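Following: one structure in structure tokens, then a few remarks.
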Amino acid sequence: MTSSTLASPANAAPAGIPGVSPVLAEVVRSGFVEGRHRGSLVVLAADGSVEYALGDPDAPVYPRSANKPMQAAAILRAGLELSGERLALAAASHSGESFHLDLVRTMLAEFGIPEDGLQTPPDLPLDPVEAESYLASGQVRDKVTMNCSGKHAAMIAVCVANGWPVESYLAPEHPLQQLVLRTVEEASGESVAHVGTDGCGAPLMALTLTGLARAFRSFVLAEPGTPERRVADAMRAHPEYVAGTRRPDTWLMRAIPGALSKMGAEAVQAVALPDGRALAFKIDDGALRALGPVLARALELLGVDSPVVARIADEPLLGGGRRVGEIRVAF
């Protein structure tokens with residue numbers, strides 16, 4: 001991909017009001033634009049340079065679950081032996097499908113951890129289809145069902161293996177979380193701007209979108225056998241365990257050889273291709289409905305040509321049970 005293929009030059013300033021993010025997606029109903037989603041985006045060339053940018057990709061954001069590959073790499077650095085589906089699940093925001101829940105319970109049993117030892121908040125399956133089925137079967141919110149349960153199982157297991165306190169494994173000052181912070185900073189090439197609390201209760205490290213894209217790039221380019229490469233390889237080999245059967249991350253990693261993809265809550269997304277091209281974006285208002293169309297356009301800017309792009313882009317609006325509009329990109 002060369003700069004001549006792009007819609008605007010690298011680091012292009014958004015048109016409009018200074019300090020206001022550009023519109024990345026429009027909500028179109030019956031031919032009428034009824035809403036807009038603003039945000040920031042960055043695309044990196046194979047050499048790691050910024051090739052395209054909208055908004056302010058150098059402002060810190062919470063990547064939310066897009067940080068999970070770095071958390072999983074820190075767990076490996078701390079000495080826990082994980083591979084295959086188990087490592088993918090440790091980096092996952094799983095959908096709560098039966099194969100996810102079965103493996104979480106298997107991991108807990110293998111590590112000798114009781115289910116109530118998880119400090120995830122009880123939740124329903126992340127996937128709406130799974131959530132409906134789960135409730136219809138008479139089940140209630142559960143710690144295992146929460147989409148971060150695989151990560152938490154691995155975090156507890158590595159604490160036990162190292163003799164670290166288990167009851168405080170989510171404290172920012174805990175040895176594991178300090179290792180996560182160092183891993184995030186090394187992968188992104190920048191200092192963590194702020195530490196908060198994620199939805200699952202784990203410490204959440206703020207990065208710029210440029211730093212997030214560079215972190216994903218570093219994982220796909222890492223030497224084989226390193227913790228970073230092992231996480232990337234496990235995620236790419238077992239994408240259903242990273243997300244679920246009805247999720248864009250899974251579709252993308254299945255369709256594009258070598259692609260590493262992870263979304264985060266509040267409409268954050270990061271992707272890296274095996275040659276080092278990468279992207280990251282965030283929708284300001286956190287609207288997940290805009291994520292697919294924006295991701296599809298960003299993939300086009302990366303030079304991805306695959307039927308999966310159209311599949312990811314399709315986000316219909318319904319009226320009276322039929323399609324009357326869509327979420328469409330605006331850049």
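The values are calculated or read from the model by the stated rules, or taken from the named source; none is laboratory data. Every value quoted in this text rests on a predicted model; they were computed, and no experiment measured them. Heads up, the Cβs are rebuilt from the backbone with ideal geometry, glycines too, and the neighbour counts pull from every protein chain shown. The protein model used for the area step is the full one, side chains on, heavy atoms only, and it has no ligands, DNA or RNA in it. Shrake-Rupley method; radii C 1.70, N 1.55, O 1.52, S 1.80 Å.
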Give all pairs with beta carbons closer than 6 Å in which a residue from the stretch 201-214 that is of a type in the set (Val, Ile, Thr) meets a residue that is buried (at least 24 other Cβ atoms within 10 Å of the Cβ); count only pairs at least 6 apart in sequence or on separate chains. Thr210/Val42; Thr210/Pro57
Test Leu118 against the criterion of being surrounded by 14 or more Cβ atoms within 10 Å (Cβ to Cβ) and either aliphatic (A, V, I, L, M) or closer than 16 Å to Gly201 by Cα (or both), and give yes or no. yes
Which residue pairs have Cβ atoms under 9 Å apart, sit 6 or more places apart or on different chains, and have a first residue in the stretch 113-140 that is under 14 Å from Thr245 (Cβ atoms) and a second that is open to solvent by 40 Å² or more (accessible area, probe 1.4 Å) and in a loop (DSSP other than H, G, I, E, B)? Asp127/Thr245; Asp127/Arg246; Pro128/Arg246; Val129/Arg246; Glu130/Arg246
Of all residues in the stretch 256-288 being free of Cβ contacts under 8 Å to residues at least 60 places away in the same chain and either within 12 Å of the chain's Cα centre (by Cα) or part of a helix (DSSP H, G or I) (or both), which is surrounded by the fewest Cβ atoms within 10 Å (Cβ to Cβ)? Leu288
Of the listed residues (Val129, Val166, Val144, Val140), the one being of a type outside the set (D, E, K, R), under 22 Å from the mean Cα position of the chain (by Cα) and open to solvent by 10 Å² or more (accessible area, probe 1.4 Å) is Val129
Out of Met107, Met155, sole residue that is buried (at least 21 other Cβ atoms within 10 Å of the Cβ), at pLDDT 95 or above and more than 24 Å from Glu266 (Cα to Cα): Met107
Starting from residues that are of a type in the set (A, V, I, L, M, F, W, C) and under 19 Å from the mean Cα position of the chain (by Cα), keep the ones in the stretch 305-331 and report whichever is most open to solvent (accessible area, probe 1.4 Å). Ala313
Please go through the stretch 173-185 and pick out each residue that is of a type outside the set (S, T, N, Q), surrounded by fewer than 16 Cβ atoms within 10 Å (Cβ to Cβ) and either touching a Leu at 6+ places or on another chain (Cβ under 8 Å) or under 30 Å from Ala278 (Cα atoms) (or both). Arg182
Can you tell me how many residues within the stretch 227-255 are open to solvent by 40 Å² or more (accessible area, probe 1.4 Å), assigned to a loop (DSSP other than H, G, I, E, B) and of a type outside the set (D, E, K, R)? 2
Only one of these conditions is not met by Phe99: (1) open to solvent by 20 Å² or more (accessible area, probe 1.4 Å); (2) more than 22 Å from Arg246 (Cα to Cα). Which number is it? (2)
For the stretch 205-215, check the following and say yes or no: at least one residue is open to solvent by 20 Å² or more (accessible area, probe 1.4 Å), within 25 Å of Glu81 (Cα to Cα) and not in a loop (DSSP other than H, G, I, E, B). no
Have a look at Arg86, Arg36 and point out the one that is in contact with an Asp or Glu (Cβ under 6 Å, 6 or more places away or on another chain) and either open to solvent by 50 Å² or more (accessible area, probe 1.4 Å) or within 23 Å of Asp127 (Cα to Cα) (or both). Arg36
From the list Glu110, Glu81, which one is without any contact (Cβ under 8 Å) to a residue 60 or more places away in the chain, in a loop (DSSP other than H, G, I, E, B) and either farther than 26 Å from Val192 by Cα or not aromatic (Phe, Trp, Tyr) (or both)? Glu81
With the condition kept exactly as written, say whether any residue in the stretch 189-198 is within 30 Å of Leu299 (Cβ to Cβ) and in a helix (DSSP H, G or I). no
On the basis of being hydrophobic (A, V, I, L, M, F, W, C), in a loop (DSSP other than H, G, I, E, B) and over 25 Å from Val166 (Cβ atoms), does Val140 make the cut? yes
